[in-house]
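The values are calculated or read from the model by the stated rules, or taken from the named source; none is laboratory data. Given the structure is predicted, the values throughout are model-derived calculations rather than measurements. Neighbour counts run over all protein chains shown; Cβ positions are idealised from the backbone, glycine included. SASA here: full protein model, heavy atoms, side chains in, ligands and nucleic acids out. Shrake-Rupley method; radii C 1.70, N 1.55, O 1.52, S 1.80 Å.
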Amino acid sequence: EILSVDLTNPTHFLPDGRQMEQGSIHVHRSQLVRNGKFHEKIEVKNYLNETLPIKLALHFNGDFKDIFEIRGMQRDHRGSDLGHETVDDHTFVFSNKGLDGIIRKCRIAFTLPFSDFQTPGKVDFDLSLAPKESKCIEYSCHFIVDEADSIKEGYWDSRSANANDLDRSNDYFPVINT
């Protein structure tokens, strides 16, 4: 299903000393999981009457813990972190080699180019928003085992497919009108 969250800014002072009122910037985040992939859409809207430069920073990390560790079991040994790799200005990859010798990766691909990826796991986007303008950033996390990458489906494709699956599943339930 879909998680949808709306956020806004607190009162904030700009670098030039001017005050930006609470609620001037609206952020809408929508997330879903489909076919083993995580998708997110982030929409940022400027409600001010002036152009506003915004730096949006997203932080990612992958520990590649297995289900037993997540449930609290302690392990004597773990796989080895192979680090981060920037593929291009839209994509980066986390990698890990498990104790079983299998290389597992998480490939994160964005619809907009990121402006900075100097710090591992931190992606910056420089957004310049005109008055009443909004911009969307979408990304997908694809989990890959030994380069066996599957279908590259984006946020909107996944959301539409989820809606179609829900419609089909509703055909199996009776409708009672009163």
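Within segment 36-55, the set of residues being under 17 Å from Cys136 (Cβ atoms), modelled with pLDDT under 90 and open to solvent by 100 Å² or more (accessible area, probe 1.4 Å) comprises just one member, Lys55.
Output yes when any residue across segment 1-17 is surrounded by 11 or more Cβ atoms within 10 Å (Cβ to Cβ) and touching a residue at least 60 places away in the same chain (Cβ under 8 Å), and no when none is. Looking for residues that are surrounded by 11 or more Cβ atoms within 10 Å (Cβ to Cβ) and touching a residue at least 60 places away in the same chain (Cβ under 8 Å), one finds at least one in segment 1-17, hence yes. Filtered by the rule that a residue be open to solvent by 80 Å² or more (accessible area, probe 1.4 Å), charged (D, E, K, R) and either out of contact with any strand residue (DSSP E or B) (no Cβ under 6 Å at 6 or more places or on another chain) or more than 17 Å from Pro113 (Cβ to Cβ) (or both), segment 56-87 gives Asp63, Lys65, Arg71, Arg75, Asp76, Arg78, Asp81.
Residues that are closer than 30 Å to Lys105 by Cα and of a type in the set (S, T, N, Q) were ranked within segment 18-35; the one that is surrounded by the fewest Cβ atoms within 10 Å (Cβ to Cβ) is Asn35.
Among the residues of segment 21-46, those identified as more than 15 Å from Glu133 (Cα to Cα), out of contact with any Leu (no Cβ under 6 Å at 6 or more places or on another chain) and not hydroxyl-bearing (Ser, Thr, Tyr) are Glu21, Gln22, Arg29, Leu32, Val33, Arg34, Asn35, Gly36, Lys37, Phe38, Glu40, Lys41.
Exactly one residue out of Phe92, Phe114 is under 17 Å from the mean Cα position of the chain (by Cα), surrounded by 13 or more Cβ atoms within 10 Å (Cβ to Cβ) and either under 25 Å from His26 (Cα atoms) or among the charged types (D, E, K, R) (or both): that is Phe114.
Sub-6 Å Cβ pairs linking a first residue in segment 103-119 that is under 16 Å from His84 (Cα atoms) to a second residue that is surrounded by 18 or more Cβ atoms within 10 Å (Cβ to Cβ) and among the small types (Gly, Ala, Ser), at least 6 apart or interchain, are Lys105/Ser95; Cys106/Gly62; Ala109/Ser140, ordered by first then second residue.
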